[in-house]
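The values are calculated or read from the model by the stated rules, or taken from the named source; none is laboratory data. Computed from a predicted model, the values in this text were never measured in an experiment. Neighbour counts run over all protein chains shown; Cβ positions are idealised from the backbone, glycine included.
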Amino acid sequence: MRLVIDWDGTVTVSDTMDLIVREFGDADLVDRFSDAFIDDSKPLPVTLQHVVASEMATIKTPLDEVVDWLLENVELRPGFLELAERERPLLLSSNLRQLIQPLLDHFGVEADLLANELVSDGESGWRVHFGGEICPVCGERCKRPKLPPGEVVYVGNGYSDRCPALASSRVFARCGLARYLDTIGSPYEPFGDFHQIAAALERPA
Ligand SMILES: [Zn+2]
């Protein structure tokens, strides 16, 4: 079994991409895309890559300043550090590697990380490179093709977790992902923090 965990809103209490775009970029754009995310049963009217690229392009602050701010403002969900130490999870994120790895280093977390890449953080706005394959199921560069082979326990909360959750053997979900799975009648276990997940992993699904 491999434990695969989403980052924003799952490990972190608040979505850190929303936090930094609101702090350093165009907060109105976050609100506009949040409205687009509200329908829990339908796909987005644009690709998730378009949302990420558009929001990041409004940030003109150097990366290290943004990372310093994040280190002061991020809050991790209780139990994550303990579970990560026990399971060495794969973190699978639509956010940028350069915004996640410094936080993992700061908190002493040893985990594997697959995320998107910041290409440049210049005055003309941040530019992002989206790696990975096109998913044969949803047609986007989603997280599903990045799942490890074999049995996966997936933990997530949002839109980007829909497709990979459906490919996983066991799912822990909250917020929008939970509502989506309710809508389509797909099983999951709700969670509030990672202590609950650690306890649930001791029991068979
Ligand atoms: Zn997909």
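Observations, loosely collected:
- Qualifying residue in the stretch 89-107 (condition: among the charged types (D, E, K, R), part of a helix (DSSP H, G or I) and at pLDDT 95 or above): yes
- Residues being touching a residue at least 24 places away in the same chain (Cβ under 8 Å), surrounded by 12 or more Cβ atoms within 10 Å (Cβ to Cβ), within 13 Å of the ligand (Cβ to nearest atom) and not in a helix (DSSP H, G or I) are entirely absent from the stretch 113-121.
- Looking across the stretch 135-174 at every residue that is free of Cβ contacts under 8 Å to residues at least 12 places away in the same chain and over 16 Å from LEU44 (Cβ atoms), the one that is nearest to the ligand (Cβ to nearest atom) is identified as PRO136.
- Filter result for ARG203 (surrounded by fewer than 20 Cβ atoms within 10 Å (Cβ to Cβ), away from the ligand (no atom under 12 Å from the Cβ) and in contact (Cβ under 8 Å) with a residue 12 or more places away in the chain): no
- Hey, LEU177 surrounded by 12 or more Cβ atoms within 10 Å (Cβ to Cβ) and either assigned to a loop (DSSP other than H, G, I, E, B) or within 16 Å of the ligand (Cβ to nearest atom) (or both) or not: yes
- Checked across the stretch 122-139, the condition of being touching a Phe, Trp or Tyr at 6+ places or on another chain (Cβ under 7 Å) and surrounded by 17 or more Cβ atoms within 10 Å (Cβ to Cβ) holds for no residue.
- Subset of the stretch 164-174 that is surrounded by 19 or more Cβ atoms within 10 Å (Cβ to Cβ) and in contact with a helix residue (DSSP H, G or I) (Cβ under 8 Å, 6 or more places away or on another chain) - its residue that is farthest from ILE197 (Cα to Cα): PRO164
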